[in-house]
1. Under a plain spin-label model, where a point goes 7 Å from the Cα along Cα-to-Cβ, how far apart in nm are Asp35 and Arg83?
2. Compute the long axis of helix 115-132 from its Cα atoms, compare it with the longest principal axis of the Cα atoms of the chain, and write down the angle in degrees, 0 to 90, nearest 10.
3. Just to make sure I understand: if all protein chains stay in place, what is the order of His195, His93, His204 by accessible area at 1.4 Å, largest first?
4. Which one, Leu185, Leu208, Leu148, has the greatest fluctuation when you compute a Gaussian network model over the chain with C-alpha springs under 10 angstrom?
5. Order Glu190, Glu164, Glu242, most accessible first, counting only protein heavy atoms with a 1.4 angstrom probe.
6. At 37 °C and 0.692 mPa s, grab the translational diffusion coefficient of region 2-132 from Stokes-Einstein with a Kirkwood Rh over Cα pairs, rounded to a whole number in µm² per second.
7. Give, to the nearest whole percent, the P(r) tail of region 143-248 beyond 23 angstrom, counting all Cα pairs.
8. With the crude spin-label approximation of a point 7 Å out along Cα→Cβ, what separation in nm comes out for Asp212 versus Asp102?
Amino acid sequence: MLRVLAVDDEEPALAELLYLLRADPRVRSAEGATDATDALRRIGRALDAGPDGGDAIDVLFLDIQMAGLTGLDVARLIAGFARPPLIVFVTAHEDFAVQAFDLKAVDYVLKPVRRERLAEAVRRVAEQAAVARPPAIDRSADRIPVELGGVTRLVNIADITYAEAQGDYARLHTGDGSHLVRIPLSTLEERWQPHGFVRIHRRHLVALHRIDELRLDGGGMSVRIGEAVLAVSRRHASRVRELLMRQAGS
């Protein structure tokens with residue numbers, strides 16, 4: 001769940017952006033600032049509070065052309081912080097995209113903002129946030145019950161390397177065996193995103209940090225997790241490669 005600060009000196013545009021962000025179920029909170037100075041003040045409070053503080057900010061949705069400091073100026077100022085918020089630029093101008101991505105922006109959204117395009121930006125931010133720093137989660141959710149010979153056993157999610165779809169069931173693979181649970185893979189995908197799991201195929205959900213190798217063979221892609229080699233579908237290939245590169249650089 002993301003904590004968002006949106007910054008735009010045009011109040012109608014800011015209000016519309018906040019409305020769309022607050023409607024997204026992945027956004028815990030969305031606050032607004034109408035100038036860069038106010039935004040920097042709030043970012044300062046967020047950094048003082050720490051990642052679990054009440055003023056914490058996970059991502060900035062920044063307009064670029066504003067009176068005084070621009071959104072690019074704000075991004076440059078916070079780039080040197082130990083844990084700066086992620087950045088998505090929201091602008092009516094295409095000309096600044098190269099500078100934006102040089103500043104490690106997660107996304108670059110053009111105005112007028114479409115709901116579907118903004119949802120895609122939020123998805124990218126949520127994935128990067130999960131890889132960079134998994135959010136605090138209820139410790140009771142760190143284990144999953146499985147049935148084994150009439151006995152219920154609790155398996156640590158941290159021990160699961162990947163999950164495999166088997167109809168309405170999922171087979172959970174660990175270093176010492178596997179377990180079948182009556183939970184669809186789509187449900188596990190939603191629940192386990194904070195644990196660093198990503199979908200690589202309609203049949204497979206993997207723990208990103210458990211991937212040992214990324215393989216490119218004849219135009220196809222696969223990953224190796226221990227002895228298992230799992231295909232990555234074309235639909236998920238670019239996202240998997242991007243997440244692995246970000247993980248390697250973090």
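The values are calculated or read from the model by the stated rules, or taken from the named source; none is laboratory data. For clarity, every value in this text was computed on a predicted model and none was experimentally measured. Note that we place each Cβ from the backbone using ideal geometry, even for glycine, and neighbour counts take in every protein chain shown. Accessible surface areas use protein heavy atoms only, side chains included; no ligands, DNA or RNA. Shrake-Rupley method; radii C 1.70, N 1.55, O 1.52, S 1.80 Å.
1. Using points 7 Å along Cα→Cβ, the separation is 3.0 nm.
2. 60
3. Values: His195 45, His93 70, His204 20 Å².
Ranked list, largest accessible area first: His93, His195, His204.
4. The residue with the greatest mean-square fluctuation here is Leu148.
5. Details: Glu190 145, Glu164 30, Glu242 70 Å².
I get Glu190, Glu242, Glu164, largest accessible area first.
6. Working: Rh = 14.4 Å.
Rounded to a whole number, D works out at 228 µm²/s.
7. Values: 1332 of 5565 pairs.
For region 143-248, the share of Cα pairs beyond 23 Å comes to 24 percent.
8. With each label placed 7 Å out from Cα toward Cβ, I get 4.1 nm.
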